[in-house]
Every structure is written in structure tokens, then in C-alpha cells.
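Every number in this text was worked out from the coordinates using simple rules, so none of it is lab data. Treat the numbers as computed from the prediction; the structure is a model and nothing was measured. Note: ideal-geometry Cβ built from the backbone for every residue, glycine included; neighbour counts use all protein chains shown.
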Amino acid sequence: MGCPIDHFSDVLNTNALAQQCGAYFQLPIEPFISVWQIDPNKIRKPGESFSYGKNLLNRKFKIGFATVHKDEHGNLTPDNCAEVLSDDMGVVPVIKNNKVIKYQIFLGGGQGERNGKPSLACLGQAFAQVDESNLLKTLDAVLKVHQHWGDRENRIWARVKFVIKKMGIAWYREEVEKILGIKLELPDPNLDPGPRHLHHGWIKQPNNGLWAYGMYIENGRIIDNSPNGKLQSLCKHLMNTYPVDFLITPNQDALFINLPEDKKSAFETDLKKFGYGQRNGKAYSTLRLHSGACVGRNTCRLTYTDSEKFEPELIDQLEALGWGDLKESIGITGCERQCFRPATKTFGLIGSGLNRYQLKLMGCEDARHQGLPMLSEDGNGIYLRSIPRERVAQVIDVLLKNWKDNAHSNESVGYFHRRIGMQAIISHLKENLLTSDLMLKTFPADCIVD
């Protein structure tokens, strides 16, 4: 996955790199031809590609590309809209003297866990730096190591993050070097992949002077007759009326691209005509624009509880409590697979049972940090593993009031939590009359916490 705005970059098109990478690692097509009875003469012949062998890979393997954009002064700034550190492998541009000179690979991220099983949610670790000419062959070697060493007996432990957890990042680098026959350049441990840009609103396309419009779509659901307006009719109207194309962002939003300057005013008028920009007649709050959820119980067979349906309700409640203007994020998933990456947000809520949610903290709105379960001091139990749905807003309200009363100047909620630490948060929740009853018990700590 790469940034959709990169299609129009006059600096760097990591989306093209992602497409190249996707083509190279395309799975063998013969089974699809057989199962779906496709005429093999109609199939596009793949070029050079990864050698999977008869056993393919141990599990899925996600590769993400961060990027850079020019700011208003012409300086390159990083953009991690795809949250690449949460992938098995992330590729991040390295900037020097306002130019991209090479790429840094991060390895071993992944958010999925399993209740009742020792499992791990983590961000990728800095692995190596390579120039573009050696990028694909290095990614190839990384997958070959995982293909050989990844667990094929225990599905829970089959992702590359567990190979690194057991063997270490230095060992993995040595194994890749054996395949490549060269020494890899060590990574910069302090390289920042950048914040999570959402690409909302108007964006000038640098390479052609046309415009893109990023449309917020609550939880990615484009339907009519919702509190958010007639989005399905709106999208159909825009596509039929304007010379635009349609893309999807990594955060489940829509991106209309290639709009001429003289069409912007009419485009904005049509947005309002179909009710876009408001929920129940009220303008989208900052908190809502930065939050989201997975599909939850609507169509997913893995989920325990609502996420897509609960998230708008929760934001409504927090707006009523006065928190709508906060530039913070709430992420919700219906199960511990965590496909929306809730733990990288300020408040991560993970379905743990019907109308029950676990809270993870220490993530931040910019998605630079990994959220953690509320582990007890002895490490044997987890607090707030099963918050009743009707109490979630209350818990967040207590935490936000603590931040408002004690934060440093301009300190965001996530960084405030990281500064004071988990045990201080737990103590505050125990002492507060509104949440003390929820802190009377812990649940078994079946997760792995670094």
C-alpha cells in the first residue's frame, strides 16, 4: 500500500513503487485460473516475480510505503498515511538536503492478536537502509528468510513479527545479507516516518496543476439516508458530472482527483446539496474526522461486537461532553485482530465480547506509537479488558479531564499518557468515583508486552 496522493507527486511516487512491489510479489495465478475457469489466454502474463514454491508463504505479508510531500515553503515533509510501521514490512524515504536519497526498511510490525493465546501487537523495527536500485532485491531476500524460518505449525505464530521476537532484528539482517551477498547499511534508529496525514479537503496536484478533494467517509461506509447525508447518490453524481477519477485512502476515505480549477466552486456546491460535511445537521467535529472503525458486526464473521455502528454513537456522546474540538483519534475494532489499527490511535477500543471493549492507551493521534493494554504492575493482569458499551464514553471523559487538568502546554493526550505512564493512569482510574468499580478486577494477561 502507498499514498494515493503520490500519483501526482513531482518529488517521489512511492505509489508506483508499491504497484511494482505488488506485481513482483503477486501470488501464482494458476489456482485462480482453475477454480474460476478463466481462459488462460485472457490472463496478463506476469513478469519477473518472487519464487513462492509449492508451499507459498507461512501467512499473509503486508508491505507499506510511506512518502514525502512538499510543504508551502518547498521543503520535503514525511507522510505516513498508510501507517507502514504496523505492517510486516514498511518502506520509508530518507531525506537529506531536501532530497530523497534512499529508503529505510522497517520489519516486524503487526496489530493482530488472539484472545487466550500468547500474541503480540507491535510496530516494525528499523532494519536497514538501501538505495532504490537495491530495494526490490532486498525485499525479496526479506521474504525468503521469512519463508524459510516462519512458523508453519502454529498459525498464531506464523507472522514475521514472531520470527523477529524470537531471533532478533540483528539476526534477521544477517540472514538477509547471506542471501544478498553484501553487507546492508545499518538503519537510523531515530528516523521518523512522519505523522498520519488524512488528505481531507482540497489538495493541489503538483505535477499537473489540477485539484484533488479528500472526502471524509465515516468508517468507509458510502450509503444514502444516513445521518451523514446521501453519500452514495453524491458520489454517483460527482462521477457523472465532473471529469474526475475516484481513489480510496488508507483511512477509508474517498479521494476525487483531476478536477480543473474552474469546477471547484460547483463541486463544493454539490457537496452541500447532498448533505455532505454534517452529521444530523451538525458540522463534523475534529474528533470525528480523526477517528474510525472497522466494519464490525455488519459483515465480518470474526467480530464479537459492534465497531462501525458504535463509533459514531461514541463520538456523539463525547461531542455532547464537550470534546469534539480535540485533534485526537479514537479507533475501534470488533475483535482483537485490530484491522483498523485502533492501538495506534489516542484511544484504542477492541471488542472483547458482545457490547464489551478493551481499552488500549499510549498510542497517539499521529500514529507514531504503539498502544498497550492496561497491564497491572505485577504483569499478571489487564485492567479494562471488558468495559460495558454504555460506560466507554464515561471512561474516556475521566481520562480527558485528567489530561486537561495536568497536561503541559500544547501536550496532546497521547503524549501526556506516555509521559505519566500506565501505572499513573491506572491509579487515577482507581481513585475516580466514576471508574473505580471498573478497576476492581483484572483479566488474565495472555498477551506479550515488550
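List of remarks:
- The orientation-averaged projection of the convex hull spanning the C-alpha atoms of the stretch 1-108 amounts to 8.7 square nanometres.
- For residue 293, the residues whose amide H sits under 5 Å from its own are 219, 332, ignoring neighbours fewer than 5 places away on the same chain, with H placed 1.01 Å from N.
- Only DSSP H runs of four or more residues enter the estimate; each adds -39500 (n - 2.57), and after division by the residues of the chain the mean residue ellipticity at 222 nm equals -8000 deg cm²/dmol.
- What the phi angles of the stretch 74-81 give under the Karplus curve with 6.51, -1.76 and 1.60, with θ = phi - 60°, is a coupling list of x, 8, 6, 10, x, 9, 10, 4 Hz, glycine and proline written as x.
- Values of log10 I(q)/I(0) for the stretch 201-283 across q = 0.11, 0.16, 0.21, 0.26 Å⁻¹ run -0.27, -0.57, -0.98, -1.42, by the Debye formula with one identical scatterer at each alpha carbon and no solvent.
- Area projected by the alpha carbon convex hull of the stretch 286-444, averaged over all directions, nm²: 8.6 nm²
- Ranked by the mean number of other Cβ atoms within 10 Å of their residues, highest first, the peptides 273-286, 73-86, 216-229 fall in the order 73-86, 216-229, 273-286.
- With each label modelled as a point 7 angstrom along the Cα→C-beta vector, the residue 56-residue 313 pair spans 3.7 nm.
- Label-point separation in nm, residue 440 to residue 376, each point 7 Å along Cα→Cβ: 1.5 nm
- Using the Stokes-Einstein relation with a Kirkwood hydrodynamic radius computed over Cα pairs, the translational diffusion coefficient of the chain at 20 °C and a viscosity of 1.002 mPa s comes to 91 µm²/s.
- Loop-located trypsin sites (Lys or Arg not before Pro) in the stretch 1-87 whose Cβ has at most 12 other Cβ within 10 Å (DSSP): 44, 54, 60
- Average projection, convex hull of the Cα set of the stretch 4-180: 12.7 square nanometres.
- Separation of the stretch 197-238 from the stretch 337-368 is 25 Å, based on Cα centroids.
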